[in-house]
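Enquirer: Got a structure here, written out as structure tokens. Questions coming.
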Amino acid sequence: VLTPGRSLTDTTSPTPNPLTWVNPPTATSDSSITMRAVTATDVSGVEYYFTETSGNPGGSDSGWQDRPIYTDTGLYPSTTYSYTVKARDKSIKRNEIAGSSLAAATTPVDTTSPTPNPMTWDSPPTALGDSRISMTATTATDVSGVEYYFTETSGNPGGSDSGWQDSPTFTLTNLNSSTTYSYTVKARDKSINRNETAGTSPVASATTSITDTIAPAT
């Protein structure tokens, strides 16, 4: 059964052929590029396909769609992406036209800090016995990736900072027993700008337990 609107006799491709750009790809943020093809015409109706040709991470094709506008999202900052666009009619024959010329756009450098900003705790510092404390920050998001820094603020012996790390979880060992340690956590992205969160998390503390004393056997 022929779907309504799909002609069996349409053997003519849409026009213009080849397809052209009204607005070639243009970066609209550090993670998105928008473009618009000329509106093609055909008695059977028209659909469009935008192809990302660079192969750079984050870029993707549109798939066949009714609109001549496409926004590619989830892109990487400071990266060049290239596109062509083609069209076909909606007849049973799917008559295609030649693709447009290649056009490229480069996303700007990432200038946005990760979120949440300031950072927060998923699980605040918790003592795991007399010599260990573990904590987990809220998992932050940023198009350039994220790393975390846990700072020990009490200054008590045995405590230390994490240094920048990929994991939102930090565990310290070999701490002193019956001692309170306090922490904040901040985050930054992995772009060339290393954009940090504006503030650290609230200070959170945990106290290690008293060392167990076991009387010698007699």
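The values are calculated or read from the model by the stated rules, or taken from the named source; none is laboratory data. Predicted model only: the values in this text are computed from it and were never measured. Positions of Cβ are generated from backbone atoms using ideal geometry, with glycine treated the same way; all protein chains shown enter the neighbour counts. Note: accessible area is taken over every heavy atom of the protein model, side chains too, but ligands, DNA and RNA are not part of it. Shrake-Rupley method; radii C 1.70, N 1.55, O 1.52, S 1.80 Å.
Enquirer: What aspartates and glutamates sit close enough to LYS93 to cross-link, taking a C-alpha to C-alpha distance under 16 Å and skipping anything fewer than 8 places away on the same chain?
Expert: ASP10, ASP42, GLU47
Enquirer: How high is the relative contact order of the chain, in percent, with contacts defined as C-alpha pairs under 8 Å that are six or more residues apart?
Expert: It comes to 18 percent, rounded to a whole number.
Enquirer: State the answer as a single residue: which of ASN193, PRO108, ALA27 lies farthest towards the positive end of the charge dipole of the chain, with beta carbon charges of +1 for Lys and Arg and -1 for Asp and Glu, about the Cα centre.
Expert: ALA27
Enquirer: Still on this model: Please report, in debye to the nearest 20, how large the charge dipole of the chain is about its Cα centre when each Lys and Arg carries +1 at its beta carbon and each Asp and Glu carries -1 there.
Expert: The calculation lands at about 600 debye.
Enquirer: Carbon and sulfur atoms: what percent of the 1.4 Å accessible area of the stretch 1-135 do they account for?
Expert: The value for the stretch 1-135 is 52 percent carbon and sulfur by accessible area.
Enquirer: Give the relative contact order (percent, whole number) for the stretch 1-88; include only Cα pairs under 8 Å separated by 6+ residues.
Expert: Value for the stretch 1-88: 31 percent.
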